1. I want to confirm something. Restricting to region 142-170 and keeping residues that are in a helix (DSSP H, G or I) and modelled with pLDDT under 85, which single residue is nearest to GLY213 (Cα to Cα)?
2. Could you check region 51-64 and list, in sequence order, the residues that are under 11 Å from TYR14 (Cα atoms) and modelled with pLDDT under 85?
3. Can you tell me which condition SER138 does not meet? The list is (1) of a type in the set (Gly, Ala, Ser); (2) surrounded by fewer than 18 Cβ atoms within 10 Å (Cβ to Cβ); (3) modelled with pLDDT under 85, and all the others hold.
4. For TYR11, only one of the following conditions fails: (1) among the hydroxyl-bearing types (Ser, Thr, Tyr); (2) at pLDDT below 85; (3) loosely packed, with under 15 Cβ neighbours inside 10 Å. What is its number?
5. Consider region 122-133. How many of its residues are surrounded by 14 or more Cβ atoms within 10 Å (Cβ to Cβ), assigned to a loop (DSSP other than H, G, I, E, B) and at pLDDT 85 or above?
6. Of all residues in region 173-191, which are surrounded by 17 or more Cβ atoms within 10 Å (Cβ to Cβ), among the charged types (D, E, K, R) and either in contact with a Ser or Thr (Cβ under 6 Å, 6 or more places away or on another chain) or assigned to a loop (DSSP other than H, G, I, E, B) (or both)?
7. Consider ILE6 carefully, then state whether it is open to solvent by less than 70 Å² (accessible area, probe 1.4 Å), part of a helix (DSSP H, G or I) and either within 25 Å of LEU75 (Cα to Cα) or not charged (D, E, K, R) (or both).
8. Just checking, which of VAL197, VAL202 is of a type in the set (Val, Ile, Thr) and free of Cβ contacts under 8 Å to residues at least 60 places away in the same chain?
Amino acid sequence: MDQLGIRGKLYSAYMAALELGEATVNQIATRAGLGRTTAYSILERLEEEGLVTMVERGEKRLVVPEDPHVLLQRLENKQRTLIELMPQLRSLYNSSRTKPEIRFYEGEDAVRTVLWDTLTAQSKMLRGVLSTSQLLESVGEQQMEEYIQQRIARGIHLQVLRSASQDIDTLWPDSDGQLRELRYAPEHITLGMTTYVYDDKVVMLSSKREDYGLIIRSKDFANLYAAMFDGLWAISHAPAPQDKPARLRKRSA
């Protein structure tokens, strides 16, 4: 009965009416342990719900309980109403989710918090502009390796653009095994800040100096950023030996 919204004094009065059958308000009040005034208001509510009927018999006002089957009809009516309202409710729900949302994080864990959000990508695809030196400074190699293992375990692929001049180590190369496809941007374009786009989100990770992370949830903005990424991707090229920074070329010589 509680699931049907009949609880407390409402429940006591209804059960008393069922037990007594046709009875006066005073009789129901006594059986339910209610005051006369309270019993009247409770029985009026039960009548509104269609669970009892108030009838006049001579000088007496009697309460007649309805067949308990009305409870099943009541539940079916509620379900039918909910089904009819569902398209409208879903429309309101979906429209509320399309509103842009911006989350700003500051402090020591800000960059990590934002970076780990990319692991929620439902599309299993990330487009990333990465600054290796910035990530080593703000996240650290150990945490980045942990993040990469989590990304691989979740089957999330990464298309990544980097600047050859900004790479300082052989970290995170082009690799099928690590679900990573790397391209270098043209020399005249320096990519100094890490950003990702996935699903309906664009995230930005600052340098250690500024120490912040930003998540923008907007379908329109994500589509725009993805289109710009794809345009830059089209004019970028796969890694070649000459792309390695001088320190790395000496190491591999």
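1. Result: GLN166.
2. Residue satisfying the conditions is LEU51 alone.
3. Failed condition: (2).
4. (3)
5. Going through region 122-133 one residue at a time, the tally reaches 1.
6. ARG183
7. In short, no.
8. Exactly one residue qualifies, and that residue is VAL202.
The values are calculated or read from the model by the stated rules, or taken from the named source; none is laboratory data. Predicted model, so just to flag it, every value in this text is computed and none were measured. Every residue, glycine as well, gets a Cβ built from its backbone with ideal geometry; the counts of neighbours run over all protein chains shown. The accessibility values were calculated without ligands, DNA or RNA, using every heavy atom of the protein model including side chains. Shrake-Rupley method; radii C 1.70, N 1.55, O 1.52, S 1.80 Å.
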